[in-house]
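Some notes on the structure that comes next.
The values are calculated or read from the model by the stated rules, or taken from the named source; none is laboratory data. Only a predicted model underlies this, so the values are computations on that prediction, with no experimental measurement involved. So basically every Cβ, Gly included, is an ideal-geometry build from the backbone, and we count neighbours across all protein chains shown.
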Amino acid sequence: MRFLSRLTAKTNWRTRCSALLVLALASIAVPAQAQQATQALSKDSVIEEIKKRGAIKIGLSIFKPWSMRDKNGELIGFELDVGRKLAEDMGVDAEFIPTAWDGIIPALVSGKFDVIISGMTTTPQRNLTINFTNPYAYSGLTILANKEMTEGFTLEDYNSEDVIFAARRGATPATLIAEMFPKAELLLFDEDGASTQEVLNGKAHASMASEPTPSTEARRYPDVLHVPFTETFSATGEAFGLRKSDPDALNYFNNWINTYTRNGWLEERNNYWFRGNDWADMVPEG
């Protein structure tokens, strides 16, 4: 009996030792596996691609004053300042790829560029396809109307079958116009400038765009155009757009945005392009 007791105790001790050894090995293996998974994700990040390439490819769509061409055909604007500063901090060149707005998300997903920096408003629908950073800018939409065609109009009067709106295809204003004024006719164009021209020529009653575009156009053509309401619609944040499943890129871009939000650089650049007209002589009229 004593022998059996000693044998049982010895067996139990061995079993406990084996269990402890398994736990010890598991405690080593789990962090190792986690580290390997982290390294794999980091290796696949677009940040690593950008560093190897020596350039960050930025998709954008042309609309003032976010991004536009100066009199020499060079790209300037708020987005260009942001993209160049981002590239400088990454130690790479900035390569800007102008893209039609309605195709900019598919182009990002297909790998045509690394990130969208183009005043894109975050929406649940877009977020199903791409990821968004924290906002790096905030703006709202206002109505730009033809004075003669909309004289005496209330906001409700714009929701009529007799009213024509013009907007940029695939952009937030087009969606909001359709929601707010479902009875009105909506003409769609590839650029904001084309929709503004329709209103200026009297072919559309009104358009809608992010400030300062409506107020700037109203100051340029005070006899024809005006901003009939002080109310700002759909005031939301604009963010970088990037492909899904890239936590390293999301982390880096968010930290970059947070840094330049805190030190005031983003606000200063935004104020220059959106609240002042010092740049107006740099771009062609129209």
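Filter the range 169-210 down to the residues that are of a type in the set (Gly, Ala, Ser), in a helix (DSSP H, G or I) and surrounded by fewer than 16 Cβ atoms within 10 Å (Cβ to Cβ) and list them by number. First the steps, then the outcome.
Let us first name the residues in the range 169-210 that are of a type in the set (Gly, Ala, Ser), namely 170-171, 174, 178, 184, 193-195, 202, 204, 206-207, 209-210.
Going one step further and asking which of them are in a helix (DSSP H, G or I), we end up with 174, 178, 193-195.
Within the range 169-210, just Ala178 meets the criteria.
Any residue in the range 223-246 that is in a helix (DSSP H, G or I) and either on the phi < 0 side of the Ramachandran plot or touching a helix residue (DSSP H, G or I) at 6+ places or on another chain (Cβ under 7 Å) (or both)? Explain how you work it out, then say what you get.
Keep residues of the range 223-246 that are in a helix (DSSP H, G or I), which gives none.
Looking for residues that are in a helix (DSSP H, G or I) and either on the phi < 0 side of the Ramachandran plot or touching a helix residue (DSSP H, G or I) at 6+ places or on another chain (Cβ under 7 Å) (or both), one finds none in the range 223-246, hence no.
Kindly evaluate Trp265 against the criterion of being at pLDDT 95 or above and surrounded by fewer than 16 Cβ atoms within 10 Å (Cβ to Cβ). Step through it out loud before you land on a result.
Numbers: at pLDDT 95 or above: yes; surrounded by fewer than 16 Cβ atoms within 10 Å (Cβ to Cβ): yes.
Considered against the rule, which asks whether it is at pLDDT 95 or above and surrounded by fewer than 16 Cβ atoms within 10 Å (Cβ to Cβ), Trp265 comes out as yes.
When you look at Pro247, is it of a type outside the set (Ser, Thr, Tyr), surrounded by 12 or more Cβ atoms within 10 Å (Cβ to Cβ) and not assigned by TED's automatic domain parsing to the domain that holds Asn127, yes or no?
Numbers: of a type outside the set (Ser, Thr, Tyr): yes; surrounded by 12 or more Cβ atoms within 10 Å (Cβ to Cβ): yes; not assigned by TED's automatic domain parsing to the domain that holds Asn127: no.
When the stated conditions are applied, Pro247 does not pass them.
Take the range 85-119 and flag every residue that is exposed (fewer than 15 other Cβ atoms within 10 Å of the Cβ) and either assigned to a helix (DSSP H, G or I) or within 14 Å of the chain's Cα centre (by Cα) (or both).
Glu88, Asp89, Pro106, Val109
Could you check the range 212-236 and list, in sequence order, the residues that are under 30 Å from Pro124 (Cβ atoms) and of a type in the set (A, V, I, L, M, F, W, C)?
Residues satisfying the conditions are Val227, Phe229, Phe233, Ala235.
Show the residue pairs that are 6+ apart or on different chains and have beta-carbon atoms under 9 Å apart, the first residue being within the range 96-112 and among the hydroxyl-bearing types (Ser, Thr, Tyr), the second being part of a loop (DSSP other than H, G, I, E, B) and surrounded by 14 or more Cβ atoms within 10 Å (Cβ to Cβ).
Thr99/Ser61; Thr99/Lys112; Thr99/Phe113
Cβ-Cβ under 8 Å, sequence separation 6+ or interchain: first residue in the range 169-186 and without any contact (Cβ under 8 Å) to a residue 60 or more places away in the chain, partner assigned to a helix (DSSP H, G or I) and among the small types (Gly, Ala, Ser). Which pairs?
Pairs that qualify, where the first residue is without any contact (Cβ under 8 Å) to a residue 60 or more places away in the chain and the partner is assigned to a helix (DSSP H, G or I) and among the small types (Gly, Ala, Ser), are Leu186/Ala174; Leu186/Ala178.
Of the residues that make up the range 174-189, is at least one over 22 Å from Tyr138 (Cα atoms), of a type outside the set (Gly, Ala, Ser) and within 18 Å of the chain's Cα centre (by Cα)?
No.
Checking Asp157 against (1) part of a loop (DSSP other than H, G, I, E, B); (2) over 22 Å from Gly103 (Cβ atoms), which test does it fail?
(1)
Can you run down the residue pairs with Cβ atoms below 8 Å, 6 or more apart or on separate chains, where the first is in the range 138-157 and under 21 Å from Asn201 (Cα atoms) and at pLDDT below 95 and the partner is in a strand (DSSP E or B) and aromatic (Phe, Trp, Tyr)?
Listed pairs, sorted by first residue: Thr142/Phe233.
Quick one: which residue in Asn131, Asn127 is closer than 30 Å to Leu266 by Cα, buried (at least 16 other Cβ atoms within 10 Å of the Cβ) and at pLDDT 95 or above?
Values: Asn127 fails: buried (at least 16 other Cβ atoms within 10 Å of the Cβ).
Sole residue among the options that is closer than 30 Å to Leu266 by Cα, buried (at least 16 other Cβ atoms within 10 Å of the Cβ) and at pLDDT 95 or above: Asn131.
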